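The values are calculated or read from the model by the stated rules, or taken from the named source; none is laboratory data. Just so it is clear, the structure is predicted and the values come from calculations on it, not from any experiment. Cβ placement follows ideal geometry from the backbone for every residue including glycine, while neighbour counts extend to all protein chains displayed.
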Amino acid sequence: MARAPLLQLSDISLTFGGDPVFSGLDAVVQPGDRVALVGRNGSGKSTLLKVMAGLVEVDSGQVTVPPGTSVGYMEQEPTMDGFATLGDYAASGLDPGEAYRVEMVAEGLKFDPSGSVSTASGGERRRAALAKLMAEAPDLMLLDEPTNHLDIEAIAWLEAELKGARAAFVLISHDRAFLRELTRATLWIDRGSVRRQEDGFAAFEAWRDKVWEDEDTQRHKLDRKIKAEARWAVEGISARRKRNQGRVRALGELRQERADMIRRQGPAAMALEAGPKSGKRVIEARDLSKTLGGKTIVTDFSLRIGRGDRVAFIGPNGVGKTSLLKMLLGDLKLDSGEVVQGTNLEIAVFDQTRDQLDPDMSLWESLTGDKEMRVAGAADQVMVRGQPKHVVGYLKEFLFSDAQARAPVRSLSGGEKARLLLAKIMAQQSNLLVLDEPTNDLDVETLDLLQELIGDYDGTVLLVSHDRDFLDRVATTTIAMEGNGRATVYAGGWTDYIAQRGPSGGAQAATQRKGAEKAKPAAQEDANGLSFTERHRLEALPAEIERLEAEIAKLEGLLGDPELYTREPVKFAKATEALVERQGRLETAETDWLELSERSE
């Protein structure tokens, strides 16, 4: 017997003083659903979650939740008035005997329940809101960007918890790896309507592109038909017979159908322009040591960064990634050691705290008031890579409307604030780009564009991120900061770092080991003769093998181009090296799987 849906939206319409956000929207969440909610920034993803949670009243339609079904919503900016500590807030929906759940979740999410609400940062408040939701364990969880402000260890913990949860969930996230791992269905908000596909996020982009391709084909056919009918209307009517009048009316209906088609929003017209070339040596750090607030950031750390390098800094929150960046840029005094910067450096910085944005300024004022962008004597112009441009025109390139130009920065969504900050730094010419958590809140399309821009940027990039997929796509070198002053240099991105550390290394493996030690002694074996770590390895290997096979197929396809070697010899060499390396890893993974499977049986 089919179970009743946990939540049903029927013919939902909602307008916020202008164009409708949704019109005639229908959606269903079933028991056991693992749903990715995707769409462009500003498409209404967060609003739809609030509608599901009953926090936004719709203009028309019905939100149905069966009696006895509990729905939990993770607030982006939780109100904690009346609570002394973060733990008090997180436990506020639990019975007194269940408060221990908050302590368990707090350890995984890495926040202190005893921390004062009055001094908590935005990230700590968000983690407390997530802990509250996880501890309450409702039948349906509504999660809006839960990985923001989490480090990779905490993301791995949350991923494992959600995998094992009995609850259904609807999830908004910019983290592709997180979405691919967890979701089995996709809700796509596109121009006020919602489509559903019974596949997880891994299949989303191919599905989206097919939908858009079909739309373009339909639009092209309609245009051709209108053109043919319009020619007939001009040339073929000599007498206004009744049948001709019907054809004229049909032409009018075709034109109305064409006018009703809602055009897709194009990608932001973002551009990165490198200034004059820097020297070949961009930054050289020699034997750096630094202790800050009683915590050792680095000890005897050395690094050489050359022109064109893409260097990523990873590690737990609070380990000192941003502090190390500041040391390399000369903004933080060293205890010992030396940093030598190369010649001709022009630096642009994306700050994760968004300190460059005044929430009370309008978008117009935020750009025209920037000393780097100001055009003398022109209040409506900004300087963009050496050329004056009208401020509204430049904002439109980053997908802001005329009305938003005069709106305060505080009215923007997280993704829109990130786009505004990108507009500020991309107006500059630079040859050293510093990106501290740039991916938070950005939609998939903007992330794709940012990745392409970084790939084509004729300069050097320093990057702090917890987004594993983005690290894999962008980084050529990874600095793993592991605490107590340890910072180790690895070649490649996140996946390469994990491979070089081995199955027992890396931040994710450290989290898994910690869980294993709590579950049972390391030497203890399960009933099938496998240790906890070996059992976990056996369960993880099929996905690893599938991913490696996909990467090998992609590389083989690239190397199948007979002109690649002569056209791009460097790319050919890198692809060949990557293919050999991944083939070796695949062979090892298949051997491990066979051995562990035999032992398990």
Query raised in the report: Any chance region 475-484 includes a residue that's of a type outside the set (A, V, I, L, M), out of contact with any His (no Cβ under 6 Å at 6 or more places or on another chain) and either surrounded by 23 or more Cβ atoms within 10 Å (Cβ to Cβ) or under 25 Å from residue 38 (Cα atoms) (or both)?
Result: yes
Query raised in the report: Scanning for something farther than 24 Å from residue 68 by Cβ and assigned by TED's automatic domain parsing to the domain that holds residue 35, does region 125-145 turn up at least one residue?
Result: yes
Query raised in the report: residue 88 is checked against (1) crowded, with 16+ Cβ neighbours inside 10 Å; (2) without any contact (Cβ under 8 Å) to a residue 40 or more places away in the chain; (3) in the same structural domain as residue 189 (by TED's automatic domain parsing) and fails just one. What number does that condition carry?
Result: (3)
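Determine, yes or no, whether residue 381 is among the polar types (S, T, N, Q), modelled with pLDDT of 85 or more and surrounded by 16 or more Cβ atoms within 10 Å (Cβ to Cβ).
yes
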Query - Selection status of residue 311, crowded, with 21+ Cβ neighbours inside 10 Å, in contact with a Leu (Cβ under 6 Å, 6 or more places away or on another chain) and not aromatic (Phe, Trp, Tyr) - result: yes
Report summary line: Matching residues in region 267-319 (under 25 Å from the mean Cα position of the chain (by Cα), of a type outside the set (Asp, Glu) and not in a strand (DSSP E or B)) number 12
Query raised in the report: Before we move on, is residue 397 within 26 Å of residue 459 (Cα to Cα), acidic (Asp, Glu) and touching a Ser or Thr at 6+ places or on another chain (Cβ under 9 Å)?
Result: no
Query raised in the report: Out of all the residues in region 387-423, which are farther than 17 Å from residue 270 by Cβ, touching a residue at least 12 places away in the same chain (Cβ under 8 Å) and of a type in the set (Ser, Thr, Tyr)?
Result: 413
Report summary line: Of the conditions (1) in a helix (DSSP H, G or I); (2) out of contact with any Asp or Glu (no Cβ under 9 Å at 6 or more places or on another chain); (3) closer than 25 Å to residue 438 by Cα, the single one that residue 142 does not satisfy is (1)
Query raised in the report: (1) closer than 30 Å to residue 284 by Cβ; (2) surrounded by 14 or more Cβ atoms within 10 Å (Cβ to Cβ): which one isn't true of residue 336, the others all being true?
Result: (2)
Query - Residue count, region 190-206 (criterion: at pLDDT 90 or above and part of a strand (DSSP E or B)) - result: 2
Requested in this report: Would you mind stating whether residue 97 is in a loop (DSSP other than H, G, I, E, B), free of Cβ contacts under 8 Å to residues at least 12 places away in the same chain and surrounded by fewer than 18 Cβ atoms within 10 Å (Cβ to Cβ)?
Outcome: no
Report task. Go through (1) at pLDDT 60 or above; (2) more than 37 Å from the chain's Cα centre (by Cα) one by one and return the number of the condition residue 327 breaks. Result -> (2)
Query raised in the report: Which one is nearest to residue 499 (Cα to Cα) among residues in region 557-590 that are surrounded by fewer than 11 Cβ atoms within 10 Å (Cβ to Cβ) and not hydrophobic (A, V, I, L, M, F, W, C)?
Result: 557
Requested in this report: Select, from 435, 447, the only residue that is outside any loop (DSSP other than H, G, I, E, B) and over 13 Å from the mean Cα position of the chain (by Cα).
Outcome: 435
